[in-house]
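First comes the structure, then the notes that go with it.
FYI, it's all coordinate maths here, none of it is from the lab. Nothing here was measured: the structure is a model prediction, and the numbers come from that model. Cβ placement follows ideal geometry from the backbone for every residue including glycine, while neighbour counts extend to all protein chains displayed.
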Amino acid sequence: MALLEVKNVSYSYDKATRALKGVTFNVEEGEFVAVIGHNGSGKSTLAKLLNGIYKPSAGEIIVDGFSSADKNSVFEIRKRVGMVFQNPDNQLVASIVEDDIAFGPENLGIPREEIGKRIDFALKAVGMEEFRKSSPTHLSGGQKQRIAIAGVLALKPKILVLDESTAMLDPQGRKEIAEVVETLRKSGVAVIAVTHYMDEAVKADKVLVLDRGVIALSGAPKQVFSQKTALDKLGLELPLSGIIADKLRARGANIPDDIISEEDLLGALWKL
Ligand code: ADP
Ligand code: MG
C-alpha cells in the first residue's frame, strides 16, 4: 500500500465551482511530487484536502492507512501531513526561533524533554542549528521559510505539503528550500510541492499537471516536459534548460527532444 492514496477525489466549494474532479494518484515514502498548473486549476484545494483541512465531496484519501471517509481519522491524517504555505511571515508565531518550533509540539502535549529533541532534529533538517536563539524577524525570506518548515517537521510528519512555499523567495531562498526538500526525501519524508517554478518541478520524482480540476498530464519530469504542445495549451512554460534547448534547435543545433535539466543541457552541448 502506498503512503498516500488519492482515489477519484472531487471537491466542490459550492454548486457552481467544482474545484477538483476525479483526481487519482499515489505517493510513496520519500517521494517528491511536484504539482503544477495555472491559477485556479485546483492546486491549493488539493493541498488542503491532503491534510484534512477539507474533506473530499466524493472519492477518498488514504494517508498511511487512515481514510478521509472515516470521521475519526482526521486527527491521525493531520498528524501525518504537514503543510507550509506561501508567506513565511504568516506562519511564524514566536519571537525566538526555538519557541516557534516548540509551539506545535507543545500544543500536542509532547513532554519538554522530547520537545527539546524535536527542536534539535528539526533545526538540523533545515540547516538552521545556529539560529536557535535568533529572532525570526532578523532572518531572510528563505531562512524564515526554513523555520516554518522546521516547525512542521517538529511534529514528525510523514508527508510535507508545500503550497507555493518558494513563491515569495529570491533565487537564494529557493535554493535553500530545494536543499531542504532533498534532505527530507533522503530521510524518507514524502514532499508534495505546489509550484509555478518549472525548474523546481524538474527535480521531482513525479509531476502532476492540474487543469480546471483534473490531472491533465502526469509522470516523470522527462515524460511531462517533453510534451511541449500539450504544455503550451495548458499555458505552462518549459523549464529554463528546455527553453534554451528549444531555441538552439530552432537555430539548427542537433539537440535531443528530452532536455529538461541543466545536466541534460550541458551533456547535449558537450556533444555538439
Ligand atoms: P490554484 O491553487 O491552482 O490557483 P485553487 O485550488 O485555489 O487553485 O482554486 C480552484 C478553484 O476553486 C478556482 O476556480 C477558485 O476560484 C475556486 N476556489 C478556491 N477557493 C475557494 C473558496 N474558498 N470558495 C469558493 N471557491 C474557491
Ligand atoms: Mg493556489
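A few comments on the model shown:
- The relative contact order of the chain, computed from alpha carbon pairs under 8 Å that lie at least 6 residues apart in sequence, is 23 percent.
- Here the 3J(HN,Hα) profile of the stretch 157-169, calculated from phi with Karplus coefficients 6.51, -1.76 and 1.60 at θ = phi - 60°, is x, 8, 9, 10, 9, 10, 9, 6, 6, 10, 4, 9, 9 Hz, Gly and Pro shown as x.
- Amide H partners (placed H, <5 Å) of SER12, local residues excluded: ALA19, SER57
- ³J(HN,Hα), Karplus 6.51/-1.76/1.60, whole Hz, each residue of the stretch 34-43, x for Gly, Pro: 9, 10, 10, x, 6, 4, x, 7, x, 4
- Tilt relative to the chain, helix 112-125 - C-alpha long axis, 0 to 90 degrees, to 10: 20 degrees
- Sequence-distant residues sharing a close amide H with GLY30 (under 5 Å, placed H): VAL189, ALA190
- Taking the Cα centre of the chain as origin and assigning +1 to Lys and Arg Cβ atoms and -1 to Asp and Glu Cβ atoms, the resulting dipole is close to 560 debye.
- Anisotropy class of the stretch 21-176 from Cα gyration tensor, a/c 1.5 cut: oblate
- Percent antiparallel among DSSP beta bridges (both partners in the chain, rounded to 5): 50 percent
- Overall, the stretch 147-260 carries a charge dipole of about 260 debye about its Cα centre when +1 sits on the Cβ of Lys and Arg and -1 on the Cβ of Asp and Glu, all other atoms neutral.
- For the stretch 1-48, the extents of the C-alpha atoms along the principal axes are 36, 21, 14 Å, listed from largest to smallest.
- Kirkwood hydrodynamic radius (C-alpha pairs) into Stokes-Einstein, the chain, 25 °C and 0.890 mPa s, D in µm²/s: 125 µm²/s
- Inter-part distance, the stretch 123-175 to the stretch 1-45, computed on C-alpha centroids, equals 24 Å.
- In degrees, nearest ten, helix 171-187 long axis to first principal axis of the chain (Cα): 70 degrees
- Per-selection Rg to Rh, the stretch 1-95 - Cα, Kirkwood hydrodynamic radius: 0.98
- Descending semi-axes in whole angstrom, ellipsoid equivalent of the stretch 159-256, from the Cα gyration tensor: 25, 17, 13
- Computed [θ] at 222 nm, deg cm²/dmol, the chain (DSSP H ≥ 4; -39,500 (n - 2.57); rounded to nearest 500): -11500 deg cm²/dmol
- 3J(HN,Hα) along the stretch 215-232, derived from phi through the Karplus expression 6.51 cos²θ - 1.76 cosθ + 1.60 where θ = phi - 60°, amounts to 7, 7, 9, 7, x, 5, x, 4, 5, 6, 7, 8, 9, 4, 4, 5, 5, 3 Hz, with x in place of Gly and Pro.
- Rounded to the nearest 20, the Cβ-based charge dipole of the stretch 1-154 about its Cα centre (Lys and Arg +1, Asp and Glu -1) stands at 540 debye.
- 0 to 90° range, to nearest 10: angle between helix 97-107 axis and the chain longest Cα axis: 70 degrees
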